[in-house]
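Student: Mind looking over this structure? Questions follow.
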Amino acid sequence: MNTAGTDPSSALLADCLAGDEAAIEALVRQYEGGVYRLALSVLNDPIEAREVAQEAFITVLKSLRSYQAGSFKAWLYTIALNLSRSRLRKRKSLERLRNTLTSLLRLDLQQRQTLPEDIVIQNEKERLIWQTLSAMDDKHRLPLILRYYNDLSVTEIAEMLGVPEGTIHSRLHIARERLRVELKKLAGE
């Protein structure tokens with residue numbers, strides 16, 4: 001059974017609270033890839049992303065007693081996102097975020113073995129997308145990134161950002177529409 005997308009059992013969490021190293025290792029193994037990808041997508045620095053992932057798990061394990069029923073993944077990702085955003089604010093570098101996400105897309109392109117012409121076209125599309133995303137405010141950009149680049153549900157995003165699901169739906173709609181309009185302008189249509 002693949003548990004990568006499911007919340008851990010209450011027994012696993014109880015074992016983690018009791019200090020069971022095997023349970024802690026199982027919990028970390030279940031979520032480490034997603035937490036790392038989230039941190040990397042925000043920070044564009046593999047070393048910092050690893051540090052944030054480690055810090056997120058340390059924080060979660062120290063705060064496990066205060067965890068209340070709900071999506072464990074959303075709780076963990078919220079902690080990782082807040083740690084990442086804190087580091088990003090310290091660096092004050094939106095450009096780093098844009099470069100990280102662009103490099104993630106390029107990795108995907110390289111894995112698909114596309115033609116050189118297709119890569120040039122895709123790179124131009126990515127540049128236009130990131131140029132448009134960079135101009136958006138956080139309240140519209142973050143839901144797009146969390147939804148489409150980190151594959152989180154609207155419910156998880158709402159929980160992470162502390163706003164109602166309807167607000168996330170609205171922000172996603174507005175952001176997608178802005179992206180569509182701006183991309184048309186940038187593409188000269």
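The values are calculated or read from the model by the stated rules, or taken from the named source; none is laboratory data. In this text the structure is predicted, and so the values were computed from the model without any measurement. As a convention, Cβ positions derive from the backbone with ideal geometry for all residues, glycine included, and neighbour counts pool all protein chains shown.
Student: Being among the small types (Gly, Ala, Ser) and either part of a helix (DSSP H, G or I) or in the same structural domain as residue 158 (by TED's automatic domain parsing) (or both) narrows it down to one of 80, 69, so name that one.
Tutor: Details: 69 fails: either part of a helix (DSSP H, G or I) or in the same structural domain as residue 158 (by TED's automatic domain parsing) (or both).
Going through 80, 69 in turn, just one is among the small types (Gly, Ala, Ser) and either part of a helix (DSSP H, G or I) or in the same structural domain as residue 158 (by TED's automatic domain parsing) (or both): 80.
Student: Please pick out the residue among 72, 57 that is among the aromatic types (Phe, Trp, Tyr) and farther than 23 Å from residue 158 by Cβ.
Tutor: On inspection, the qualifying residue turns out to be 57.
Student: Go through 42, 35, 28 for me and flag whichever is closer than 28 Å to residue 155 by Cβ, of a type in the set (Val, Ile, Thr), at pLDDT below 90 and not assigned by TED's automatic domain parsing to the domain that holds residue 156. Spell out the reasoning first.
Tutor: Values: 35 fails: at pLDDT below 90; 28 fails: at pLDDT below 90.
It is 42.
Student: Could you please let me know if residue 134 is among the small types (Gly, Ala, Ser), at pLDDT below 85, surrounded by 12 or more Cβ atoms within 10 Å (Cβ to Cβ) and not assigned by TED's automatic domain parsing to the domain that holds residue 59?
Tutor: Against the criterion (among the small types (Gly, Ala, Ser), at pLDDT below 85, surrounded by 12 or more Cβ atoms within 10 Å (Cβ to Cβ) and not assigned by TED's automatic domain parsing to the domain that holds residue 59), residue 134 qualifies.
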